[in-house]
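Participant: Starting off with a structure, shown below.
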Amino acid sequence: MPNDLPGRRSPGNGRSPAPDPMSTSRVVLILSLLLGVQPVTTDLYLPALPTITDRLGASMAQAQLTLSGLLLAFGLSQLVWGPVSDRFGRRPVLLLGLAVYTVAAVGSVLAASMEVLLIWRIVQGAAMGAGVMCARALVRDLYTPEAGARAISKGLSGLGVIACVSMPVGALLAEFFGWRAALAALAVFGAATLGVVATRFRETLGTPNPRALSPATLLVTWAGILGNRTFWAFALLATMSYGGLFTFLAASSFVFMGLMGISKPFYGVLMFSMAVAYLAGTFLCRWLLRHNGVHRAVAIGGALSLAGGSLMGGLALAGVEGVWAIMLPVYLFMLGHGVHQPCGQAGAVGPFPHAAGAASALSGFMMMLSAFAMGSWLGANMDGSRFPLTNGMWFWGGMTALVAWGLVYRVRPRSA
């Protein structure tokens, strides 16, 4: 079996091997698609968000709910999908989740009001949780923690490519075919990913846990995860960095198109360049892991996060205006984000080879809880200026650096 990632485990961490094990290239492809569902769902429709708000007669706060509500459902659903996947395996959870996601995407296209759109987006977010949670869990099924960080960084590189395409495609669809066309693209992606999983994915969980859903087992599992310092360090690292990304995604369309008056296609180009910076960060992550190890990689990423957030906030306070006063700091932040997400997501599930689904679910829930809180704050505080965006990015950059230099520095990844 092809394997360019040292530390590859047989499926199931040495337990009963799954039939027809997947090659590393197939694992990376499936990881890219499963992780890529998230940026497609959140990024592709952002250029159309101001138009959706106008055409459906909604307020800015209601429009923000289509993103923050989706992400809250995404986070909560993972708390269910995680133990279910530990009980029944990753494959049935993926097939069900992706099928529901595709149906919800079609429902969003047909929505006649913001309330109906919000309901379908919440369903879509809950279904999306199955794909992203299983992506993190299957990495732990197949790899040791250190190799898992390299594997998931490859999958996140694929996510970066998908994110690069999502914004420009969304902008072009919204500009020339309308906002419903942008939402229809989500249904196409969901159906395509479902087809790949149905035909190419093989179960990675060697021995399902028949007691994974019992209340007593759940309590013991959650307590063990939440009592683990390594989990908290790496889960918080991913959470703080994602908070900064979400702040930019949620506020940028209103700042760039509403405040600065740039066109949808140019906004799509800016988002493409942001995704390229993130993609570069995932390559930087793998280089740092090879030459410096996890802890130094995270420390360097923390410096990039702090530099990006502080530069953006400082330029805004100094009265420096313009697109590049925001975008140049964003590039620094996204380089750091490309380091923190592979290390944070792999590190959070690393200590739990027998409960990877539950650990992945808790980590994902924390990320989405921060996004929901930030989305709600932005919905209430977007005042027509750029300061909610710039101050939010400054805050998350500082918090990411504190976790990188503090909590992560004090722990060492280890298997439970």
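The values are calculated or read from the model by the stated rules, or taken from the named source; none is laboratory data. Because the structure is predicted, anything quoted here is derived from the model rather than measured. So basically every Cβ, Gly included, is an ideal-geometry build from the backbone, and we count neighbours across all protein chains shown.
Participant: Go through segment 85-101 and give me each residue that's over 18 Å from the mean Cα position of the chain (by Cα) and either of a type in the set (Gly, Ala, Ser) or surrounded by fewer than 22 Cβ atoms within 10 Å (Cβ to Cβ) (or both).
Facilitator: Hits for segment 85-101 are Ser85, Arg87, Phe88, Gly89, Arg91, Pro92, Leu95, Leu96, Ala99, Val100.
Participant: Considering each of Ala297, Ala280 in turn, give the residue that is buried (at least 24 other Cβ atoms within 10 Å of the Cβ), touching a residue at least 40 places away in the same chain (Cβ under 8 Å), more than 22 Å from Gly392 (Cβ to Cβ) and not hydroxyl-bearing (Ser, Thr, Tyr).
Facilitator: After applying the criteria, what remains is Ala297.
Participant: Still on this structure, I have one more. Among the listed residues Leu402, Leu369, Leu378, identify the single one that is aliphatic (A, V, I, L, M), surrounded by fewer than 18 Cβ atoms within 10 Å (Cβ to Cβ) and modelled with pLDDT under 85.
Facilitator: On inspection, the qualifying residue turns out to be Leu369.
Participant: Out of everything in segment 79-106 that is modelled with pLDDT under 95 and aromatic (Phe, Trp, Tyr), what residue ends up being nearest to Ala359 (Cα to Cα)?
Facilitator: Trp81
Participant: Which condition number does Ala111 fail, the rest of (1) under 30 Å from His354 (Cβ atoms); (2) not in a helix (DSSP H, G or I) being met?
Facilitator: (1)
Participant: If you scan segment 44-70, which residues turn out to be at pLDDT 80 or above, buried (at least 23 other Cβ atoms within 10 Å of the Cβ) and closer than 23 Å to Ser360 by Cα?
Facilitator: Scanning segment 44-70 gives a single hit, Leu70.
Participant: Hey, another quick one. Within segment 166-187, identify whether any single residue is out of contact with any Leu (no Cβ under 8 Å at 6 or more places or on another chain), under 20 Å from Ser25 (Cβ atoms) and part of a helix (DSSP H, G or I), and answer yes or no.
Facilitator: no
Participant: Moving to a separate point now. Would you point out the residue of segment 219-255, among those that are more than 22 Å from Leu378 (Cβ to Cβ) and among the β-branched types (Val, Ile, Thr), that is surrounded by the fewest Cβ atoms within 10 Å (Cβ to Cβ)?
Facilitator: Val220
Participant: If you go through segment 297-318 one residue at a time, do you hit one that is of a type outside the set (Asp, Glu), modelled with pLDDT under 90 and not in a helix (DSSP H, G or I)?
Facilitator: Taking every residue of segment 297-318 in turn, none turns out to be of a type outside the set (Asp, Glu), modelled with pLDDT under 90 and not in a helix (DSSP H, G or I).
Participant: So is Val323 aliphatic (A, V, I, L, M), in contact (Cβ under 8 Å) with a residue 24 or more places away in the chain and buried (at least 24 other Cβ atoms within 10 Å of the Cβ) or not?
Facilitator: no
Participant: (1) in a loop (DSSP other than H, G, I, E, B); (2) among the small types (Gly, Ala, Ser); (3) closer than 29 Å to Ala147 by Cβ: which one isn't true of Gly364, the others all being true?
Facilitator: Every condition holds for Gly364 apart from (1).
Participant: Here's another thing I want to ask about it. Please enumerate the residues belonging to segment 43-65 that are among the hydroxyl-bearing types (Ser, Thr, Tyr), part of a helix (DSSP H, G or I) and in contact with a Phe, Trp or Tyr (Cβ under 8 Å, 6 or more places away or on another chain).
Facilitator: The one that is among the hydroxyl-bearing types (Ser, Thr, Tyr), part of a helix (DSSP H, G or I) and in contact with a Phe, Trp or Tyr (Cβ under 8 Å, 6 or more places away or on another chain): Thr51.
Participant: Another question, then. Of the conditions (1) part of a helix (DSSP H, G or I); (2) surrounded by fewer than 19 Cβ atoms within 10 Å (Cβ to Cβ); (3) among the hydrophobic types (A, V, I, L, M, F, W, C), Ala127 satisfies every one except a single condition; which number is it?
Facilitator: For Ala127, the failing item is (2).
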